[in-house]
Amino acid sequence: MIHITLPDGSVKNFEAGVTPMDVAKDISEGFARNVISAKFNDTVVETVTPLMEDGSLILFTWNNEEGKKAFWHSSAHILAQALEELYPGIKLTIGPAIENGFYYDVDTGDHTISENDFKKIEDKMLEIARGKHDFKMHPVTKSNALALYKEQGNEYKVELIENLEDGTITFCDHSNFTDLCRGGHIPNTSIVKAVKIMSVAGAYWRGDENKPQLTRVYGISFPKQKELTEYLNLLEEAKKRDHRKLGKELELFTFSQKVGQGLPLWLPKGAALRERLENFLKQAQKKAGYEMVVTPHIAQKELYVTSGHFAKYGEDSFKPIKTPAEGEEFMLKPMNCPHHCEIYKNRPFSYRELPKRYAEFGTVYRYEQSGELHGLTRVRGFTQDDAHIFCTPEQLDEEFKNVIDLVLYVFGSLGFDNFTTQVSLRDPENPEKYIGKDEVWEKAESAIISAVEDKGLNYVIETGEAAFYGPKLDFMVKDALGRKWQLGTIQVDYNLPERFELTYKGNDNELHRPVMIHRAPFGSMERFVAILLEHTAGNFPLWLMPDQAIILSLSEKYENYAKNVLNLLENHEIRALVDNRNETIGKKIREAEMNKIPFMIIVGENEEKSGMISVRKHGGEDLGSISVADFAHLIKSEINKTLKPFNPIK
Ligand SMILES: [Zn+2]
Ligand SMILES: [Zn+2]
């Protein structure tokens, strides 16, 4: 008998040789029908692998990441078989599961695969899937594996196998198809009910541009047709929400080839929006005891040699700028931290004066290859909502909680309600990889964990993911389409205080090293606005909207009344504009809808006579005829729903 431990902690006894699927059936037949893959003692196994020893077993369904991975990995096998049948003589290379679906890289030889072939490939895959072929793993000796692929003339698989150790090589068979594979499959092909070939692209063998170019076929598959349809709708919606498209339509930002790639230009509406975001954070930071500082965009190369950033960004980034006469070398600022360390060094501090919290909307520059640039999310110059906190090790716990409060306030005010956090700790097996004393690390790590516990955050711990200079907490938000984005980071740092020899005088009158916290709730203004655009589809929270209302006159006759209304709204600090063009009201409404303006105020004869306004909400809801004062009140109360006052505990 062997003991199998299940994730809920329960232990069941089985005869040795029991399979994960047997265990699933023992739990319940209904559950077993949904089980598609398994892990035994942290190793991926097949659902038919005989279990021969005690251990813990996790059974996965489509609803688990691991289940999806097995599903898509198995689908890649089906894709490979379909391609081989449709294009005889092609050479298979590798085909992994990816975040959304899978791909297979093939050397197509004389064939070309284009969009016109997608339907044919999908049909072939579904035909294979319907055959209900079991995935069967079996070991192969290195010499047999090599012989098989040499006979096929597939130099790619030969190269892969040559790098494997004899005795570790396995193949996976289904139907009359076989492929080199480490395992992790769904029970049989028929679970795959819907497939879509998404795209083809060129890809170099092993990602090396000196090696042959292959064709990468991307696909995705689902256990139900309905799920594929939903996924495709989501992609459509994501396209509509692409921040590059919306940024252009809403006139927020642009790029100019003359100015340079990856260097965003903020248009008036975008600049105003960005300023509102900055003021919002500045206000909250002021309440939380931050002080604003300003530092230049360049600094002597030496500064970054001291900080270690030259080693990190120097070689692969913008080159130093040399002065014409003195032979000095300056660099574009890749990080604000070194500057803030020098600000801290301006004068000595006693422990009673700490923490010092220096904040700056600091613009930094990092070289990115032109192919890597993407809208506002990958740029060469961006502004961080940066701050550095210098505190004593004893204060770290409380400071960390304060920073979390600020981050949560920012997310709440901007409608990011769905987020998770990741605590990155050091790898205790390799203490030599990290700087700083053990006890200091232990303190900081337990400070972070107690802070996230205390704040009731949903978190995962990643051991070994800490930077060499300190542990950190990352916030990952889920947007309206369920996509995950990494936003704010809070990072503890023992390294820079060491490198810059920062000190404070303790109550023992001795000099000690402060701890530094880096934090940026938005991350960068550019990336944040991009994510906010995709999350809200341009329907920003009302307090942030470029234009909160537009006054549409029914005809030119009511121009003066429209202007009066505008003045009244401006007195109430409502951002509004007037559309007095000689256009039909229908056209004016349509354009205001396109521009996502939250409220449309329609003025004509009735309104002028009664001194009222007719209000229509973005999306069509009619609020009828109301007074300007009531409208102002309505806007204020809508704003107060998302934008609450920030009251940090002092
Ligand atoms: Zn496989
Ligand atoms: Zn920093």
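Listed values, structure above:
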{"quantity": "Where a residue in region 540-567 is open to solvent by 70 Å² or more (accessible area, probe 1.4 Å) and its partner, wherever it lies, is at pLDDT 95 or above and in a helix (DSSP H, G or I), with Cβ under 7 Å and at least six apart", "calculated": "none"}
{"quantity": "Check on Ser75, under 30 Å from Gln213 (Cβ atoms) and either open to solvent by 40 Å² or more (accessible area, probe 1.4 Å) or away from ligand 2 (no atom under 16 Å from the Cβ) (or both)", "calculated": "yes"}
{"quantity": "Within region 177-205, tally of residues that are within 16 Å of ligand 1 (Cβ to nearest atom) and not in a strand (DSSP E or B)", "calculated": "10"}
{"quantity": "Number of positions in region 37-71 that are outside any strand (DSSP E or B), of a type outside the set (Asp, Glu), within 16 Å of ligand 1 (Cβ to nearest atom) and open to solvent by 10 Å² or more (accessible area, probe 1.4 Å)", "calculated": "4"}
{"quantity": "Among (1) under 16 Å from Leu542 (Cα atoms); (2) assigned to a loop (DSSP other than H, G, I, E, B); (3) not small (Gly, Ala, Ser), the one test that Glu593 misses", "calculated": "(2)"}
{"quantity": "Check on Ile601, touching a strand residue (DSSP E or B) at 6+ places or on another chain (Cβ under 6 Å), not in a strand (DSSP E or B) and not hydroxyl-bearing (Ser, Thr, Tyr)", "calculated": "no"}
{"quantity": "Ala299 open to solvent by less than 30 Å² (accessible area, probe 1.4 Å), over 19 Å from His518 (Cα atoms), away from ligand 1 (no atom under 16 Å from the Cβ) and in contact with a Phe, Trp or Tyr (Cβ under 9 Å, 6 or more places away or on another chain)", "calculated": "yes"}
{"quantity": "Single residue of Ser256, Ser190 found to be touching a Lys or Arg at 6+ places or on another chain (Cβ under 9 Å) and either away from ligand 2 (no atom under 16 Å from the Cβ) or open to solvent by 50 Å² or more (accessible area, probe 1.4 Å) (or both)", "calculated": "Ser190"}
{"quantity": "Output for region 588-614, where each listed residue is of a type in the set (A, V, I, L, M, F, W, C) and closer than 13 Å to Leu552 by Cα", "calculated": "Ile589, Ala592, Ile597, Phe599, Met600, Ile601, Ile602, Val603, Ile613"}
{"quantity": "Selection count, region 319-348, where residues are closer than 18 Å to Gln384 by Cα and open to solvent by 20 Å² or more (accessible area, probe 1.4 Å)", "calculated": "3"}
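Per-residue answers, yes or no, for (1) within 14 Å of Phe540 (Cβ to Cβ); (2) in contact (Cβ under 8 Å) with a residue 24 or more places away in the chain:
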site: Asp242; (1), (2): no, yes
site: Leu246; (1), (2): yes, yes
site: Ser256; (1), (2): no, no
site: Val259; (1), (2): no, no
site: Gly270; (1), (2): yes, yes
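The values are calculated or read from the model by the stated rules, or taken from the named source; none is laboratory data. Everything numeric in this text was worked out from a predicted model, so none of it was measured. Note that we place each Cβ from the backbone using ideal geometry, even for glycine, and neighbour counts take in every protein chain shown. SASA here: full protein model, heavy atoms, side chains in, ligands and nucleic acids out. Shrake-Rupley method; radii C 1.70, N 1.55, O 1.52, S 1.80 Å.
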